[in-house]
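Contents: one structure, followed by commentary.
The values are calculated or read from the model by the stated rules, or taken from the named source; none is laboratory data. All of these numbers come straight from a predicted model, not from anything done at the bench. Backbone-built Cβ (ideal geometry, glycine too); neighbour counts: all protein chains shown.
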Amino acid sequence: MPPVRDIKQLSEKKLFALEKRARDIRVDLLTMLEAAGSGHSAGPLGLADIFTALYFHVLVHNPKKPNMKDRDRLILSCGHTVPIRYTAMAHAGYFPKSELATLRQFGSRLQGHPEMTHLPGLESTSGPLGDGSPQAAGLAYIAKQEKLPWHTYCVMSDGELQAGITWEAALFAGRNTLHNMTWIIDRNNIQIDGYTEDIMPLEPLVDKFEAFNFHVIEVDGHNIREIVDACAYAQSIYEQPCVIIAHTTPGKGVDFMEFEPIWHGKPPKDKAELKRALTALRTLNGKIKAGE
């Protein structure tokens with residue numbers, strides 16, 4: 001049995017710093033999307049707390065050595081949400097924040113879907129939804145067979161759970177007790193055509209994963225302490241792979257984007273709309289005064 005990597009509990013000081021970091025990441029994310037004139041807003045905003053927790057507390061990684069042998073592997077299956085990963089990576093030091101302004105430009109390393117051959121620090125090239133889960137299962141299987149210490153994480157959308165390949169990967173993971181792998185489901189209940197439960201209902205989701213021999217943990221996807229604790233707990237489960245169902249708000253932090261499927265695949269349309277969104281973020285939708 002390989003050693004379990006210790007994920008330290010969050011102090012109040014560290015938690016406050018991570019929450020501030022997540023807000024700053026959302027600001028840079030929206031600024032980048034408006035400059036690009038295309039891209040996805042709702043999903044990336046909803047994933048900001050998860051990616052902050054991963055890059056700044058959970059993952060074993062080194063921005064200066066992105067191919068470090070014993071790094072944890074992070075697969076982003078829902079590749080269209082990659083702007084949040086780019087923003088978190090820039091904040092973590094993988095590349096200058098100024099490069100965020102090149103999103104979706106010709107020749108940029110920051111394409112609309114992640115391309116691992118272009119940007120060090122990406123573990124996969126993802127586009128077709130559902131492909132990330134079998135990739136993660138394959139990586140975890142290799143690590144288990146060779147008794148390697150790294151853990152594999154896979155961030156997935158709830159909409160892609162409608163793809164059969166996801167459940168084939170789940171069968172494989174359960175059959176091979178891939179305890180060194182954790183799936184994180186962005187359960188925001190929307191997809192490009194509307195709400196998941198109107199289009200192709202997923203519930204009862206917990207029962208489905210348990211039937212595939214997964215240990216299921218449910219969290220508030222905007223509570224960074226819960227996210228960190230869930231990742232730590234997942235590493236203590238040795239008999240099963242784990243899935244964290246993270247309940248999130250699409251468009252989190254921007255009142256006119258929250259829970260609106262229309263924002264699944266569009267950015268702020270201009271500087272005025274960007275300013276309105278940033279004001280909402282910086283004042284927590286009016287909970288604090290602007291400038292504080």
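Some notes on this structure:
Per-residue answers, yes or no, for (1) basic (K, R); (2) touching a helix residue (DSSP H, G or I) at 6+ places or on another chain (Cβ under 8 Å); (3) at pLDDT 95 or above:
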residue: Q191; (1), (2), (3): no, yes, no
residue: T196; (1), (2), (3): no, yes, no
residue: V206; (1), (2), (3): no, no, yes
residue: A211; (1), (2), (3): no, no, yes
residue: R225; (1), (2), (3): yes, yes, yes
residue: A230; (1), (2), (3): no, no, yes
residue: Q240; (1), (2), (3): no, yes, yes
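- Complete set of residues in the stretch 238-257 that are surrounded by fewer than 17 Cβ atoms within 10 Å (Cβ to Cβ) and not aromatic (F, W, Y): E239, D255
- Any hit, the stretch 156-163, residues being in contact with a Lys or Arg (Cβ under 6 Å, 6 or more places away or on another chain), crowded, with 21+ Cβ neighbours inside 10 Å, within 22 Å of V82 (Cβ to Cβ) and modelled with pLDDT of 95 or more: yes
- Verdict on V216 being in contact (Cβ under 8 Å) with a residue 24 or more places away in the chain, under 30 Å from L274 (Cβ atoms), touching a Cys at 6+ places or on another chain (Cβ under 9 Å) and not charged (D, E, K, R): no
- Taken together, the residues in the stretch 172-212 that are in a helix (DSSP H, G or I) and in contact with a Phe, Trp or Tyr (Cβ under 6 Å, 6 or more places away or on another chain) amount to 1.
- Picking from residues in the stretch 82-111 that are closer than 19 Å to T125 by Cα and among the basic types (K, R), the one that is nearest to the chain's Cα centre (by Cα) is R85.
- Filtering the stretch 52-73 to residues that are within 23 Å of E146 (Cβ to Cβ) and crowded, with 24+ Cβ neighbours inside 10 Å leaves only V58.
- Of all residues in the stretch 127-152, those satisfying the criterion of being assigned to a helix (DSSP H, G or I), surrounded by fewer than 19 Cβ atoms within 10 Å (Cβ to Cβ) and not polar (S, T, N, Q) are G138, Y141, I142, K144.
- Hey, G79 within 18 Å of the chain's Cα centre (by Cα), buried (at least 20 other Cβ atoms within 10 Å of the Cβ) and modelled with pLDDT under 95 or not: yes
- Within the stretch 26-51, considering residues that are part of a helix (DSSP H, G or I) and touching a His at 6+ places or on another chain (Cβ under 6 Å), the one surrounded by the fewest Cβ atoms within 10 Å (Cβ to Cβ): A42
- All positions within the stretch 225-281 that are part of a helix (DSSP H, G or I) and closer than 30 Å to H179 by Cβ: R225, E226, I227, V228, D229, A230, C231, A232, Y233, A234, Q235
- Within the stretch 82-118, considering residues that are touching a Lys or Arg at 6+ places or on another chain (Cβ under 6 Å) and within 18 Å of H40 (Cβ to Cβ), the one surrounded by the most Cβ atoms within 10 Å (Cβ to Cβ): A90
- Total residues in the stretch 177-213, condition in contact with a strand residue (DSSP E or B) (Cβ under 7 Å, 6 or more places away or on another chain), among the charged types (D, E, K, R) and closer than 18 Å to S41 by Cα: 2
- Residue in the stretch 116-126 that is in a loop (DSSP other than H, G, I, E, B), within 21 Å of V27 (Cβ to Cβ) and either acidic (D, E) or modelled with pLDDT under 95 (or both) present: no
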